[in-house]
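Asker: The structure's right below; bear with me while I get my questions together.
Read the figures in this text as sums done on the coordinates, not as results from a lab. Computed from a predicted structure; not experimentally measured. Reconstructed Cβ throughout: ideal geometry from the backbone, glycine too, with neighbour counts over all protein chains shown.
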Amino acid sequence: MIHRCNHLTRAYSTENGFSLDVYEKTCDGYKAARKIFGSMSPAEVIEEAKKANVRGRGGAGFPMGVKWSFMKPHPTKPAYLVVNADEGEPGTHKDRTIMERNPHSAIEGCIIACYAIGAHTAYIYVRDELHLSKARLEGAIKEARAKGYLGKTPFGKDYPVEVVVHTGAGAYICGEETSLLNSLEGKRGEPRLKPPFPAQAGAFGCPTTVNNLETIAIVPTVFLMGGDAFSQQSELHSLKDGGCRLFGINGHVKTPGVVELAVGVTLRELIYDIGGGILGDRDLLAVIPGGSSTPVLRPEDTLSAPDEKSPLHKWHGKSVLDVPLGVDTMRASGTMLGTCCATVMAEGTCPVMAMQNLMSFYHHESCGQCTPCREGSAWLDRVVEKILDGKGSMEELDQLHDIANGIMGNTICAFGEGTAMPALGFLRKFRKDFEAYVRGERKRESARLALEG
Amino acid sequence: MTFALNPDRERELEALLLKYPTKMAACIPALHLCQDQNGYIDEEAMLYVAGRLELPPAHVKGVVTFYTLFNQRPVGKHQVWVCKTLPCALRGAGGILAHCEKRLGIHPGETTLDGKFTLRTAECLASCGTAPMMQVDKTYYEGLTLEKVDEILASLGASVNGAP
């Protein structure tokens with residue numbers, strides 16, 4: 001069901017929505033932080049945050065409040081909040097809109113989260129290419145500091161908070177949280193083994209919480225509404241998948257973009273109502289539900305929850321297009337919710353070429369630390385390229401499965417799975433298309449990603 | 001020639017150092033300052049950063065070689081990055097890239113003879129909802145058409161087919 005919200009997006013449609021003035025006047029800006037600093041203990045903040053059932057917006061969907069509760073005071077070391085704004089997952093274009101058009105929500109979120117987890121410094125890690133985002137965040141920090149919301153005594157309380165914008169240098173892997181921490185420390189962005197988890201030893205070896213930027217930006221809303229009321233907006237409240245979030249729609253739709261909706265919208269609504277339907281009113285070939293690492297879905301795919309006791313059973317056998325988009329519902333549909341930004345492919349798109357495009361991306365972006373990922377992503381890229389060129393064999397087509405399976409579970413970070421799972425998705429769901437290339441029935445010259453006209 | 005940041009950028013670096021508990025953490029921002037000044041990062045600049053942040057030169061080189069955005073060779077005055085990843089490709093990024101190649105007379109990775117433009121392909125730049133797009137230096141150009149690309153390149157002084 002489509003239920004539009006405008007907690008974050010109200011500022012988007014207001015002139016100078018990125019300024020402190022507008023944020024305070026039209027978005028109840030800094031009211032939540034002021035209330036918290038005046039009357040709540042950190043433990044109370046975490047309890048309230050848990051009630052909101054905010055599932056991490058970066059793709060993994062881990063409950064935000066639970067993550068905050070992992071932070072334990074260290075006898076000698078400071079704690080840090082690190083905000084992941086390295087938005088780089090192909091198909092994902094939501095965090096950027098917040099930074100550019102409502103940066104104060106992120107700054108206020110940082111203040112509240114720092115207080116909750118016992119941190120005094122928040123680092124917002126922004127990918128370097130997003131120059132406007134960085135400038136807007138820096139501007140917001142300056143304004144907030146001038147008002148005394150940041151600094152030594154925010155809202156009159158002796159609890160110093162500073163927010164620092166840190167820039168990356170063009171590496172997709174730095175969106176992986178431990179890689180991001182290494183990059184923040186001034187190192188190559190190679191992921192770390194876990195444990196220790198960031199809450200034990202994160203940035204600079206200190207207890208650290210890493211949250212996605214959208215997760216942090218919605219925090220003020222959580223406290224303005226109250227955790228429970230926030231969560232209740234969602235149709236999946238009972239699955240502890242609460243509130244509202246930003247949804248993106250891109251690819252072959254008539255009106256691509258980013259909207260703020262209550263959790264519970266379906267892919268069909270996202271594609272045909274929000275996205276305005278498919279370009280040229282073609283049929284839907286496939287949709288990648290939440291960033292390139294989430295396995296592709298076809299309209300005939302269904303959710304599987306045969307166990308009658310499962311809370312997902314009511315959608316058992318339903319088309320993936322008619323299931324509310326949620327962390328658990330997408331998992332039961334053989335994919336992942338990811339970042340909630342869907343990439344739509346119309347009938348006529350070549351799925352082999354689409355897979356090759358993505359494998360070329362993963363090949364380029366693998367950090368090279370683990371052999372299965374470094375070599376595997378390169379092999380996937382090259383073998384699909386070979387098949388597209390009409391030079392591949394059936395053995396090689398089968399080999400692609402082996403290569404992908406050889407990456408799964410054999411790497412330090414989830415990049416490996418993020419490469420192998422979409423690869424397997426394309427291979428399983430479009431086997432006939434791959435075979436057509438091998439048999440020479442289809443040629444690269446007639447393959448298309450963009451639609452004609 | 002020995003590399004050194006100009007006084008303004010040196011002040012920026014000083015301010016950066018106050019933001020982190022370690023000097024090493026300023027490594028990537030410091031390298032950006034060097035690249036902003038020179039357009040690329042050579043051995044001299046790496047040695048400068050290593051000296052300034054008390055890091056082994058090998059560490060700095062390791063960082064420079066890891067990240068896509070650090071140029072290790074001189075580049076054109078303007079860097080044109082055309083996003084080629086799937087969401088942009090579905091909206092015609094292939095045509096945009098081909099047009100840039102034709103218009104500038106170069107392939108991705110090359111620089112025009114007059115040194116004005118370096119053409120490169122980019123992986124997803126988070127503009128999927130406004131695809132196709134390209135980044136020129138620090139500016140995003142979204143919802144591109146071939147006509148818009150012509151306008152943008154012309155405004156930056158591109159001559160037809162890269163002829164000087």
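Asker: Restricting to the range B:56-164, what percent of DSSP beta bridges are antiparallel, rounded to 5?
Answerer: Taking every DSSP beta bridge with both residues in the range B:56-164, the antiparallel ones total about 55 percent.
Asker: Working out 0.36 nm times the residue gap between A:Ala43 and A:Glu138, then minus their Cα-Cα distance, what length gain in nm do you get to one decimal?
Answerer: Stretched out fully, the A:Ala43 to A:Glu138 stretch lengthens by 31.2 nm.
Asker: Turning to a different aspect of this structure: Rounded to whole Å, give me the distance from the Cα center of the range A:226-283 to that of the range A:47-64.
Answerer: 18 Å
Asker: In degrees between 0 and 90, to the nearest 10, how far off the longest principal axis of chain A does helix A:131-146 point, with axes built from Cα atoms?
Answerer: 10 degrees
Asker: Given the C-alpha centroids of the range A:389-453 and the range A:88-139, what is the distance between them in whole angstrom?
Answerer: So the two Cα centres are separated by 36 Å.
Asker: I would also like to ask the following. When the convex hull of the C-alpha atoms of the range A:320-412 is computed, what volume per residue in Å³ does it have?
Answerer: 134 Å³
Asker: Same structure again: Given the range A:20-232 reduced to its alpha-carbon atoms as identical point scatterers, what log10 I(q)/I(0) does the Debye formula return at q = 0.08, 0.17, 0.18 Å⁻¹?
Answerer: -0.24, -1.19, -1.35
Asker: Which angle from 0 to 90°, rounded to the nearest 10, does the C-alpha axis of helix B:43-53 make with the longest principal axis of chain B?
Answerer: It is inclined by approximately 50 degrees.
Asker: Take peptide A:181-187, look around each residue's Cβ out to 10 angstrom, count Cβ atoms belonging to other protein chains, and average those counts.
Answerer: Taking all residues of A:181-187 together, the mean is 6.
Asker: Would you be so kind as to identify which of A:Gly376, A:Val438, A:Met408 lies farthest towards the positive end of the dipole of the range A:295-445, taking Lys and Arg as +1 and Asp and Glu as -1 on Cβ and the Cα centre as origin?
Answerer: Sorting the options by dipole projection puts first A:Val438.
Asker: From the helices alone, meaning DSSP H stretches of at least four residues, give me the mean residue ellipticity at 222 nm for chain B, per-run term -39500 (n - 2.57), in deg cm²/dmol to the nearest 500.
Answerer: Mean residue ellipticity, 222 nm, calculated: -13000 deg cm²/dmol.
Asker: While we're looking at this one, here's another question. Quote the convex hull volume per residue of the range B:48-164, based on C-alpha atoms, as a whole number of Å³.
Answerer: Here the figure is 112 Å³ per residue.
Asker: How long are the three semi-axes of the equivalent ellipsoid for the protein assembly as shown, computed from the Cα gyration tensor as the root of 5 times each eigenvalue, in whole Å, largest first?
Answerer: 35, 32, 23
Asker: Out of all DSSP beta bridges with both ends in the protein assembly as shown, state the antiparallel percent to the nearest 5.
Answerer: Expressed as a percentage, antiparallel bridges in the protein assembly as shown total about 45.
Asker: I need the GluC sites (Glu not before Pro) found in the range A:292-375, filtered to DSSP loop residues with at most 16 other beta carbons within 10 Å of theirs.
Answerer: A:Glu300, A:Glu308, A:Glu347
Asker: So what's the gap between the Cα centers of the range B:46-72 and the range A:308-336, to the nearest angstrom?
Answerer: Each part reduced to its Cα centre gives a spacing of 48 Å.
Asker: Once you average over the residues of B:61-73, how many Cβ atoms of partner chains fall within 10 Å of each Cβ?
Answerer: Per residue, the number of nearby Cβ atoms from other chains is 4 on average.
Asker: Here is a further query. Volume per residue, Å³, of the convex hull around the alpha-carbon atoms of the range B:1-81?
Answerer: Enclosed volume per residue, from the Cα hull, is 99 Å³.
Asker: Based on the Cβ-Cβ distance of A:Lys152 and B:Leu17, what FRET efficiency does E = 1/(1 + (r/R0)^6) give at R0 = 22 Å, to the nearest 0.05?
Answerer: 0.65
Asker: What does the extension gain come out to for A:Thr255 and A:Ser304, with contour length at 0.36 nm per residue minus their alpha carbon separation?
Answerer: My answer for the length gained is 14.6 nm.
Asker: Between A:His120 and B:Glu54, how high is the FRET efficiency from 1/(1 + (r/R0)^6) when r is the Cβ-Cβ distance and R₀ = 25 Å? Nearest 0.05.
Answerer: The value I calculate is 0.50.
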